[in-house]
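J.: This is the structure, below, for whatever I ask next.
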Amino acid sequence: GLRDKQVNGKNFEIVVPLFSRLMAQGAGENIKGILGTTNWNWSLQDEGSKAFVKSFGQEYGFPPSMAAHTCYVQALLYANAVEAAGTFYPPEVIKQLEGFKFDGMGNGPTEYRAEDHQCFKDVLVVRGNQNPTSQFDLLQVQQIVPRSQVEYDAKIFGGELGPYEV
């Protein structure tokens, strides 16, 4: 009954802070029309996403989930950091990732901010598809929010990352 509820004369909206197609599949019909954000979606039309979707689809017969994309990107980032560091020693690998900027893996330029290790990139606003064409067509990208609108000062939460120790 929450979808039809009004509060102070305004329609009540359900918003999921971090949505994935796998979550949407589990929610079934309940996902239709629900807003949320996601890190990546297989429908993106940048060259990196199209290449990954094509390769994954050829191997597995269906489009990749956000989780599959995250695993793929993280493996590439880790391999690159190890190669740049010339070692598997964690403190040296961490130093390679601090402040690392890259593009070509989905929704725009990305940075692992050195001060707090937060990952910043454009954010996708999605809505549960009212009329999905398949079990994979569950989330529709509604808007791409620029990274500049979601970044915050690293000092906002305070604290120290600590020493580079294993």
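Bear in mind that the values in this text are calculations on the coordinates, not laboratory data. These numbers were taken from a predicted model, which means no experiment stands behind them. Cβ: placed from backbone, ideal geometry, glycine included. Neighbour counts: every protein chain shown.
J.: Step through the residues of the range 2-17 one at a time and calculate ³J(HN,Hα) from phi using the Karplus curve (6.51 cos²θ - 1.76 cosθ + 1.60, θ = phi - 60°), rounding each to whole Hz and writing x for Gly and Pro.
T.: Using θ = phi - 60°, the values come out as 5, 5, 9, 7, 10, 10, 6, x, 10, 5, 7, 10, 9, 10, 9, x Hz.
J.: Packing-wise, with mean Cβ within 10 Å as the measure, how do 95-104, 64-73 rank, highest first?
T.: 64-73, 95-104
J.: Using 29 Å as the Cα-Cα cut-off, could you pick out the over-long pairs in K10/K50; K5/K50; K101/K155; K54/K101; K32/K155?
T.: With Cα atoms farther than 29 Å apart: K10/K50; K5/K50; K32/K155.
J.: Count the net charge of all other residues whose Cβ sits under 12 Å from the Cβ of E98, scoring Lys and Arg as +1 and Asp and Glu as -1.
T.: Result for the neighbourhood of E98: -1.
J.: Where the centroid of each part is defined by its Cα atoms, how far is the range 105-158 from the range 1-28 in Å?
T.: Rounded to whole Å, the Cα centres lie 18 Å apart.
J.: Could you calculate the FRET efficiency of A75 with K155 from 1/(1 + (r/R0)^6), where r is the beta carbon distance between them and R0 is 35 Å, rounded to 0.05? Don't jump to the answer; show the numbers that get you there.
T.: Numbers: r = 32 Å, r/R0 = 0.90.
Given R0 = 35 Å and the Cβ-Cβ separation, E is 0.65.
J.: Which whole-number percent gives the relative contact order of the chain, counting Cα pairs below 8 Å spaced six or more residues apart?
T.: Working: 231 pairs, mean separation 34.6, N = 166.
21 percent.
J.: Next question. Hey, what do the phi angles of the range 34-44 turn into as Karplus ³J(HN,Hα) couplings, whole Hz, using 6.51/-1.76/1.60 and θ = phi - 60°, x for Gly and Pro?
T.: Once rounded to whole Hz, the list reads 7, 8, x, 10, 8, 7, 6, 9, 5, 8, 4.
J.: What is the sum of charges around A154, taking Lys and Arg as +1, Asp and Glu as -1, for the other residues whose C-beta is under 15 Å from the C-beta of A154?
T.: Surrounding charge for A154 is -4.
J.: While we're on this one: Residue farthest toward the positive end of the dipole of the range 12-149, with Cβ of Lys/Arg at +1 and Asp/Glu at -1: which of N129, P17, A68?
T.: Selected residue: N129.
J.: Quick one: net charge around N11, please, counting Lys, Arg +1 and Asp, Glu -1 for every other residue with C-beta under 15 Å from its C-beta.
T.: Its environment carries a net charge of +2.
J.: Could you check which residue among V16, V53, V141 shows the biggest mean-square fluctuation in a GNM of the chain with a 10 Å Cα cutoff?
T.: For the chain, modelled as a Gaussian network with Cα springs under 10 Å, the answer is V16.
J.: Taking 0.36 nm per residue of sequence separation and subtracting the Cα-Cα distance, how much length would be gained by fully extending the chain between V145 and A114, in nm to one decimal?
T.: On the way: separation 31, 0.36 × 31 = 11.16 nm, distance 2.23 nm.
Full extension of this stretch gives 8.9 nm more.
J.: Rank I14, I34, I144 by mean-square fluctuation in a GNM of the chain with C-alpha springs under 10 angstrom and give only the top-ranked residue.
T.: Greatest mean-square fluctuation among the candidates belongs to I14.
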